[in-house]
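Accompanying notes for the structure given below.
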Amino acid sequence: MTTRFSGTGGRVTHLHGHHVGPPPSFDKVEGSDFTLEADLVLLAMGFLHCEQPLLEQFGVDRDPRNNVASIGHATSVPGVFTAGDAHRGQSLIVWGIAEGRQAARAADRYLDGLEGEGEDLIGALIAG
């Protein structure tokens with residue numbers, strides 16, 4: 001189970017967590033703490049409303065239902081894309097999969113347009 005992220009300069013560098021026991025309690029397994037190096041984190045939580053503090057940190061616009069507003073999966077913040085429950089609200093996994101693929105294509109087109117802009121810009125986009 002992921003417990004937190006850490007990084008420097010607005011960029012994620014590590015994921016921290018611990019192993020858990022079986023459901024329904026998912027109790028922490030003592031002594032199972034771990035840290036993984038990371039440079040990109042994708043949150044896939046399903047059937048949960050958007051994490052409001054995260055949306056506030058990104059500063060993305062929202063629609064009247066408080067989902068992330070977007071055009072072609074691109075949000076109001078350059079380099080930030082949305083899909084699945086954050087984009088359409090709680091729905092079926094098949095929509096999340098389809099929208100995830102569409103958002104990945106949109107992000108790929110965006111990054112293609114940045115070619116030659118430098119690694120710092122791409123890192124900044126990933127970090128938000």
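The values are calculated or read from the model by the stated rules, or taken from the named source; none is laboratory data. Owing to the predicted nature of the structure, the values given are computational and were not obtained by experimental measurement. Don't worry about glycine lacking a Cβ; one is built from the backbone with ideal geometry, like all the others, and counts go over all protein chains shown.
With the checklist (1) within 27 Å of His16 (Cβ to Cβ); (2) among the aliphatic types (A, V, I, L, M); (3) surrounded by 15 or more Cβ atoms within 10 Å (Cβ to Cβ); (4) modelled with pLDDT of 85 or more in hand, flag the one item Leu55 doesn't pass. Only one criterion in (1) within 27 Å of His16 (Cβ to Cβ); (2) among the aliphatic types (A, V, I, L, M); (3) surrounded by 15 or more Cβ atoms within 10 Å (Cβ to Cβ); (4) modelled with pLDDT of 85 or more is unmet by Leu55, namely (4).
Is it the case that the stretch 103-116 has a residue that's at pLDDT below 80, part of a loop (DSSP other than H, G, I, E, B) and exposed (fewer than 12 other Cβ atoms within 10 Å of the Cβ)? Yes: one or more hits. Selection of first residues in the stretch 58-74 that are of a type in the set (Lys, Arg) and of second residues that are surrounded by 12 or more Cβ atoms within 10 Å (Cβ to Cβ), restricted to Cβ pairs under 8 Å at least 6 apart or on distinct chains, gives the following pairs, ordered by first then second residue: Arg62/Cys50; Arg62/Leu55; Arg62/Val68; Arg62/Ala69; Arg65/Gly89. The set of residues in the stretch 58-85 being over 21 Å from Arg109 (Cα atoms) and within 12 Å of the chain's Cα centre (by Cα) consists of Asp85 alone.
Condition check ((1) within 25 Å of Arg109 (Cα to Cα); (2) assigned to a loop (DSSP other than H, G, I, E, B); (3) among the basic types (Lys, Arg)) across all residues:
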| site | (1), (2), (3) |
| --- | --- |
| Pro22 | no, yes, no |
| Glu30 | no, yes, no |
| Leu40 | yes, yes, no |
| Glu56 | no, no, no |
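Would you call Val94 of a type outside the set (Phe, Trp, Tyr), assigned to a loop (DSSP other than H, G, I, E, B) and in the same structural domain as Tyr110 (by TED's automatic domain parsing)?
No, not satisfied.
Within the stretch 58-80, is even one residue farther than 19 Å from Thr2 by Cβ, at pLDDT 85 or above, part of a helix (DSSP H, G or I) and acidic (Asp, Glu)? No.
Would you check if there is a residue in the stretch 14-30 being among the polar types (S, T, N, Q) and surrounded by 11 or more Cβ atoms within 10 Å (Cβ to Cβ)? No - not one qualifying residue is present in the stretch 14-30.
The set of residues in the stretch 67-101 being of a type in the set (Ser, Thr, Tyr) and surrounded by 17 or more Cβ atoms within 10 Å (Cβ to Cβ) consists of Ser70, Thr75, Thr82.
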